[in-house]
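Participant: Here it is, the structure in full.
The values are calculated or read from the model by the stated rules, or taken from the named source; none is laboratory data. Please read all numbers here as calculations on a predicted model, not as lab measurements. Note that we place each Cβ from the backbone using ideal geometry, even for glycine, and neighbour counts take in every protein chain shown.
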């Protein structure tokens, strides 16, 4: 049975490029980072490749990690998000620039969201069109503002806002659609 | 509030959400990628070092001005020697009245009197030569001092002496040597073994017809100096069995996709329609051993990279429902309008233009057998080779049989097997120990690079023009 180590020991081992601790890190964080990758790239196949790249990048950069500047999980999450964006850019998937979409069109159905479990919600988010999905993840889940998102994706700030609005509309409607299906199933 | 609730709720649910993935599989994939990158880095570094070494060697040979050591006493002008007999050339002596030095390394082994049959022309002095020998450490120094005590030495017609006193073969060898023409030295003759040069000098001494000073000069002390004379190298046949060959160049990639199964032909057409061969290149370094009969063997390491472009358009439909949309407007007789709201199903079609660059990378151990024929500075060679693959990797994406792009290296073998090659070559010797080569080469992989379960066979061959430089040890 493999011995498990605390995170500080794993970080120290990874800084020394010790394969044992690198593997421990993969074991400890693979599920979390895999979920992040699915949210960004949409499919498990692509996410698997990206999460591998992310770990390689983490192993290379870990010597620069300073615990005083932030949590380790936030740091590896940021690296993973960057790898996801790089991957999407490599696939030539660009964020659509929508500037003429009127805001204030959103409506939420809190009941529909509340009923979903995490995996279903992840699936719904992963099904968002590529460009919208990036903005949605960066804004709603990672908490970046539109200016930062614009810089990260190379789009205008207003486009980021529009894409987010559109993403939310699509997400809401997908959720409603799911809810209706569920009600129908219950009726039967 | 509703929107904020949704944002917060989604964040709460997904921020730390985890999706199970097999960590062992992930770890093995990471290790494989790291290994591939390490190989690439190692080979790149090796190639860079070899290139640097080659360029450094070449540059040092051409531009070695400051570090050059005169191979003859400095006042005697400079000269260039190869380490083979019959190939001694020297720069013209600029000042025949300069002092002559024998360096401490040059051990004087004998001084003896020689009586030559001289004629009047030998004693006819055009101008006097003051020839001194100094800086020596030989036990025979005193004798030399005695010799150099002669203050006025007649000028010799060295060509006459050569004609009269040396064997015809010797005369032929060195008659073109400028030293013999313009100095009071008759010749530099290699009479001994490969590790030293026996030098004979003839000095006219009063009371004697001629004195012959014989000393040897260890070859190790002889250094090339090209600073003053560019064309003083010897390019004759030399015995250098070992050499290092560094090469690289572009290739045309000939790809062959095939299948024997009828139902896989649609997929085959799809693959052929979406993939374009871009280019490929080969680079490597090989050690070569050549026998005197012209046959040689080569072995080393080689990297072969094939690049292709995958281009296709993916249409993806995304369906969603917009609620509370105006779906009908009723205008009554009074002109009033009533909007009827309802759900609208919208189908959004996303068109993705995919351009993906795929890389197939091979690391091979090439084993070559060939034959070389040289004439003057030109060489012609032909060889056959077996390339044993030690590492193969695929980086990129392919279409699946269902038409989706997927990055899955497991479609490919981890070892591409062997390849055979046929290579010709033209070489030109730019330096005594360096030869440039231009070699057209055909290489064919002996088996497909896909796994057997894959619906089609993917085979490659390349036709390239490689350029390289060979350094003889």
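Participant: Is there any pair with a first residue in region B:355-382 that is more than 14 Å from chain A (Cβ to nearest Cβ) and on the phi < 0 side of the Ramachandran plot and a second that is crowded, with 19+ Cβ neighbours inside 10 Å and not in a strand (DSSP E or B) whose Cβ atoms are under 8 Å apart and which are 6 or more apart or on different chains, and what are they?
Facilitator: These pairs meet every condition: B:360/B:449; B:362/B:416; B:363/B:43.
Rundown of residues vs (1) surrounded by 14 or more Cβ atoms within 10 Å (Cβ to Cβ); (2) more than 30 Å from residue B:386 (Cα to Cα); (3) out of contact with any helix residue (DSSP H, G or I) (no Cβ under 8 Å at 6 or more places or on another chain), yes/no style:
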position: B:260; (1), (2), (3): no, no, yes
position: B:264; (1), (2), (3): yes, yes, yes
position: B:273; (1), (2), (3): no, yes, yes
position: B:283; (1), (2), (3): yes, no, no
position: B:290; (1), (2), (3): yes, no, yes
position: B:298; (1), (2), (3): yes, no, yes
position: B:313; (1), (2), (3): no, yes, yes
position: B:328; (1), (2), (3): no, yes, yes
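Residues are listed down the side, and each one gets a yes or a no for (1) more than 13 Å from residue B:23 (Cα to Cα); (2) within 13 Å of chain B (Cβ to nearest Cβ); (3) exposed (fewer than 14 other Cβ atoms within 10 Å of the Cβ); (4) touching a helix residue (DSSP H, G or I) at 6+ places or on another chain (Cβ under 6 Å):
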residue	(1), (2), (3), (4)
A:9	yes, no, yes, no
A:13	yes, no, no, yes
A:34	no, yes, no, yes
A:39	yes, yes, no, yes
A:45	yes, yes, no, no
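Participant: Is there a residue in region B:11-26 that is touching a residue at least 24 places away in the same chain (Cβ under 8 Å), surrounded by 14 or more Cβ atoms within 10 Å (Cβ to Cβ) and within 11 Å of another protein chain (Cβ to nearest Cβ)?
Facilitator: Among the residues of region B:11-26, not one is touching a residue at least 24 places away in the same chain (Cβ under 8 Å), surrounded by 14 or more Cβ atoms within 10 Å (Cβ to Cβ) and within 11 Å of another protein chain (Cβ to nearest Cβ), which makes the answer no.
Participant: How many residues does region A:131-161 hold that are more than 22 Å from residue B:353 (Cβ to Cβ) and in a helix (DSSP H, G or I)?
Facilitator: 17
Participant: Let me ask something else. Answer with yes or no whether residue B:292 is away from chain A (no Cβ under 14 Å), in contact (Cβ under 8 Å) with a residue 12 or more places away in the chain and over 21 Å from residue B:466 (Cβ atoms).
Facilitator: yes
Participant: Specify the residue that is surrounded by the most Cβ atoms within 10 Å (Cβ to Cβ); the eligible residues are those in region B:397-409 that are more than 10 Å from every other protein chain (Cβ to nearest Cβ) and in a loop (DSSP other than H, G, I, E, B).
Facilitator: B:401
Rundown of residues vs (1) within 9 Å of another protein chain (Cβ to nearest Cβ); (2) exposed (fewer than 15 other Cβ atoms within 10 Å of the Cβ); (3) outside any helix (DSSP H, G or I); (4) modelled with pLDDT of 85 or more, yes/no style:
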site: B:29; (1), (2), (3), (4): yes, no, no, yes
site: B:33; (1), (2), (3), (4): yes, no, no, yes
site: B:36; (1), (2), (3), (4): no, no, no, no
site: B:39; (1), (2), (3), (4): no, no, no, no
site: B:56; (1), (2), (3), (4): no, yes, no, no
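Participant: Out of (1) surrounded by fewer than 19 Cβ atoms within 10 Å (Cβ to Cβ); (2) within 13 Å of chain B (Cβ to nearest Cβ); (3) touching a helix residue (DSSP H, G or I) at 6+ places or on another chain (Cβ under 7 Å); (4) at pLDDT 85 or above, the odd one out for residue A:60 is which?
Facilitator: So residue A:60 meets the others, but not (3).
Participant: Return yes or no: is residue A:93 in a helix (DSSP H, G or I), at the interface with another protein chain (Cβ under 8 Å from one of its Cβ atoms) and at pLDDT below 80?
Facilitator: So residue A:93 fails the test.
Participant: Continuing with the same structure: Residues to consider are B:347, B:313; find the one that is closer than 27 Å to residue B:278 by Cα and more than 10 Å from chain A (Cβ to nearest Cβ).
Facilitator: Testing whether each residue is closer than 27 Å to residue B:278 by Cα and more than 10 Å from chain A (Cβ to nearest Cβ) leaves just B:313.
Participant: Condition first: in contact with a strand residue (DSSP E or B) (Cβ under 8 Å, 6 or more places away or on another chain), surrounded by fewer than 19 Cβ atoms within 10 Å (Cβ to Cβ) and touching a residue at least 24 places away in the same chain (Cβ under 8 Å). Now tell me which residues in region B:410-429 satisfy that.
Facilitator: Selection gives B:411, B:413, B:415, B:417, B:418, B:420, B:422, B:424, B:426, B:428.
Participant: In addition: Somewhere in region B:257-279, is a residue in a strand (DSSP E or B), within 25 Å of the chain's Cα centre (by Cα) and modelled with pLDDT of 85 or more?
Facilitator: no
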